[in-house]
Structures are given as structure tokens and as C-alpha cells.
Amino acid sequence: MDGVKALNIPLIDLRAQYKELKKEIDAAMRRVLDSGVYIGGPEVELLEKEIAALTGARFAISVANGTDALTLALEAAGIGAGDEVITTAFTFFATAEAIVRVGAIPVYADIDTATFNLNPDDVEAKVTPRTKALLPVHIFGQPADMDALQSIAERHNLLIIEDACQAIGAAFKGRPVGAIGDIGCISFFPTKNLGGYGDGGIVVTNNEAIADRIRLLCHHGSRRKYFHEEVGYNSRLDPLQAAALRVKLGKLHEWNERRREAAAYYRQGLDGLPLELPADPHDSRHVYHLFVALTKDRDRLAVQLKRHGISTGHYYPCPLHLQQAMRAFGMKRGDLPVTERICDLSFALPMSPHLTREQQDYIADKLRRYARR
Ligand SMILES: *Cc1c(COP(=O)(O)O)cnc(C)c1O
């Protein structure tokens, strides 16, 4: 094909991650299987300590997935029926699902064109007497403008719950995301920057009362076996996942650096093409969970790249305020113009710590050919 061998490049290469650490991961899994402890235990406790240290939070409570992390964070913060939570509609569904799940109302603010994160001016415009919390998402690994959001939260006495599901290891002005606001939620879904071999998640906080309440809720509202203070959930991270995650945690910083280097290499290789490349503000550490560009021609371009073995992604084809499941909240097309535009144009290129320069050259070459036609 064109004299160059065709490559097959997945959007996110999970098998390459496993291959790099196979010996250590297999040994860690075997250690758990041999231990006879399959719920809780030392692997889970150690992972919680290590994630607390990584984010600079006093407490970390592991849960079954990132969605539960958000739901439990909201519930433990006392957010419920009739309360409003201001968030973004440019995110995975779980962000707003958690808000609705606790009985609260998601109020969507528009986003910034360059960073795809919440636009603080629109956030402030959406504050009402019923607003209880802000729920920023560090989308694609890019920290939201936490200074501006914190000053809004202080002015209106609001909590901040960070959806850091895509952003473990990212930092805003030197502060690791997750523990900047009151509560932070992280997902260990396999494709995330720190992903397990199944579902997993964790909540981080400096607030002891909230940490205590989450720990209670995720164990059936029970502190003492068979005695229940309240109706809770069964939401736990299992030690097989914790053991594998602890091995990968040792690589997280290096892998995030490799993502950042791959992003920089894309910027060189794609320079001059009719693509809007993602912003990378100097005061933040973006960890490139995804590398999302904007183009008017996204669908045809995706088909064309697929023909050359290159997988791309569409994050997100439908903003949350226009989802069928959210129609009770009465929003319509036109209500969030920047969010809607970015949903129409967004185009994710392959990104992972194991993406090679050869693969990136091949992708850039195919994009250039397409642009020339
Ligand atoms: C992945 C993700 C979640 C949900 O995490 P799960 O572990 O899949 O439940 C929530 N919010 C965002 C922004 C995510 O990317």
C-alpha cells in the first residue's frame, strides 16, 4: 500500500502496557491468589496509601469504579434531592449520572474553546440559591481552571468535587488534581492512565468526616460486621485489581511523561494541517488521557484513517444536556454552543505511552495526504 507497509494502530494500546510489566503483574496476581484474601486486605490498604501520597490527600477510599466514586462523594457530602450541582456536558455520562443518582439536578455550564474544560464565567452565571457544589471534570487529562472555580466556590459557599477519572497524575499550578477541591474521584477503568484489569475507582479527600462517611457507605453502611448504621452500597476494589494497579502505579509518572512527549511529537508532525490541536497551558501538567483535535471533516477523516489501519475516537458524539436520559432537565440544542460545536468536531488520535514515533510518523503522513486532496 503506497510502497509503505500498512500499520494497525489502536486508539489505546492496552496489550503493550501489559507486555511491559507482564512478569511483575503476573507475580502480583499470583501473590493474591495464593494469599486466600480476595476482598480487602493488605494490597487494597497499600494502594489506598499510595494513591493518597500521589495526590497529596490525607485519605483515599477505594471503591468498585469511578462512577461509584462520584456517587459516593456526592452522597457523603450530603448532596441530594433538589440540590443543584454545576458541571460540564462535555464528559462521559457517569459524571451527570452520579448527580441524578443521588437525587440532585445537573446544571450544565459551557466550556472553554481551547481547553474543553468548564468556563468559569458561565459557571458563575449558573449559580442559584439551590447550588450546592461544582463538579469540574479534568477532561482528557487537562486540569480545569481550579483557581477560578475555587474563588467562585468561596464566594457562594459551594463544595468542589473533582472528576479526575481521566487525569490521575495531572497537576494544576503544581498541585496534583483530585485533592485540590473538597473531594476527588478517580477511575481505574482499563483504558484510563492508571487502569486495572476490570473495574475500579478511588475517592480522595482531606476531609476526615467525608472520608469516614464514604468508607461507611461503601461497606453496606456497616462498621461492625452484621450491624448497619445506614443503608449503603457494596462498592469495593478487590485485591487482584489493587495488586495489579500497584505494579502499574510504579510506571505512572514515566507513562504520563511518554504521553506528553507523544503529544509534543504530534504537534510537530501535524503543524500546518487544518486541525485545531488541543491547548497545553504552561501552568498545568496535562497528562493526555486522550489527544483530541478539532476538524470540520471528522467523520470522513475517521473513515479514511481506518482504511490505513488507524483507529480514531469520537469524544463525545452527544453532549450530556442533549442525552435522552437527561430530557427531564429541559435543555435543548443551542443552550451550550461551545460544547455542541466541540462535540461535532472532536477527533481523538491514537494515544498511549507505547505509541511509537514510527506510528506517529505514519499517522501524520496519512493526515497530510488527506489534507492535500
Ligand atoms: C471513566 C469516567 C468515569 C467513570 O468511571 P468508571 O470507572 O468507568 O465508572 C467518570 N467520569 C469520567 C470523566 C470518566 O472518563
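Computed quantities for the displayed model
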read-out: Whole-angstrom Cα spans of region 113-152 along principal axes, big to small; value: 31, 16, 15
read-out: Relative contact order, percent, the chain [alpha-carbon distance under 8 Å, six or more residues apart]; value: 22
read-out: Extended-chain gain in nm, criterion 0.36 nm per residue less alpha-carbon gap, S222 and L46; value: 61.2 nm
read-out: I160 long-range amide H proximity, modeled H, under 5 Å; value: L134, D182, I183
read-out: Cβ charges +1 (Lys, Arg) and -1 (Asp, Glu), total dipole of the chain, debye; value: 1140
read-out: In order through region 185-200: 3J(HN,Hα) via Karplus (6.51 cos²θ - 1.76 cosθ + 1.60), integer Hz, x for Gly, Pro; value: 10, 10, 10, 10, 3, x, 7, 5, 4, 10, x, x, 10, x, 7, x
read-out: Geometric extent, Cα atoms of region 225-269 - Rg, Dmax (angstrom); value: 19.5, 61
read-out: Rough spin-label spacing in nm, given labels placed 7 Å along Cα→Cβ, for S35 and E20; value: 2.5
read-out: Carbon + sulfur, % of accessible area of the chain - ligands and nucleic acids excluded, 1.4 Å; value: 52
read-out: Value of [θ]222 nm, deg cm²/dmol, for the chain, DSSP H segments ≥ 4, -39500 (n - 2.57) each, nearest 500; value: -13000 deg cm²/dmol
read-out: Karplus-derived HN-Hα couplings along region 275-292 (A = 6.51, B = -1.76, C = 1.60, θ = phi - 60°), whole Hz, x at Gly and Pro; value: 10, 8, 8, x, 6, 9, x, 5, 8, 10, 10, 7, 10, 6, 3, 9, 10, 10
read-out: Region 21-122: trypsin sites (Lys or Arg not before Pro) in DSSP coil with no more than 15 other Cβ atoms inside 10 Å; value: R58
read-out: Reciprocal mean inverse distance between Cα atoms of region 40-196 - Kirkwood radius, Å; value: 15.5
read-out: Size of region 24-120 as Cα extents on the principal axes (Å, biggest first); value: 49, 34, 25
read-out: Dipole of the chain, positive direction: furthest Cα of L237, H286, Y370, with charges on the beta-carbon; value: Y370
read-out: Lysine pair count for region 1-160 [Cα-Cα under 30 Å; pairs on different chains or 8 or more apart]; value: 6
read-out: Semi-axis lengths (Å, descending) of the ellipsoid that matches the C-alpha gyration tensor of region 123-237; value: 26, 21, 11
read-out: Candidates L70, L275, L245, ranked by Gaussian network fluctuation over the chain, Cα under 10 Å, top entry; value: L275
read-out: Residue among P120, L301, G178 farthest towards the positive dipole end of the chain, charges placed on Cβ; value: L301
read-out: Cα-based Kirkwood hydrodynamic radius, the chain, one decimal, Å; value: 21.4
read-out: Most to least packed among 116-129, 325-338, 295-308, 82-95 [average Cβ atoms within 10 Å]; value: 82-95, 116-129, 295-308, 325-338
read-out: Relative contact order (percent, whole number), region 252-372, Cα cutoff 8 Å, 6+ residue spacing; value: 38
read-out: Solvent exposure of region 252-372 as accessible area per residue, Å², 1.4 Å probe; value: 46
read-out: Placed amide H near V63: partners under 5 Å, 5+ positions off or other chain; value: G201, I202, V203, L237
read-out: Region 285-349: proportion of alpha-carbon pairs further apart than 13 angstrom, %; value: 67
read-out: Volume per residue that the Cα convex hull of region 252-372 spans, once the total is divided by residue count, Å³; value: 139
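The values are calculated or read from the model by the stated rules, or taken from the named source; none is laboratory data. Quick caveat: nothing in here was measured; it's all calculated off a predicted structure. Note: ideal-geometry Cβ built from the backbone for every residue, glycine included; neighbour counts use all protein chains shown. Only protein heavy atoms, including side chains, enter the accessible area calculation; ligands, DNA and RNA are left aside. Shrake-Rupley method; radii C 1.70, N 1.55, O 1.52, S 1.80 Å.
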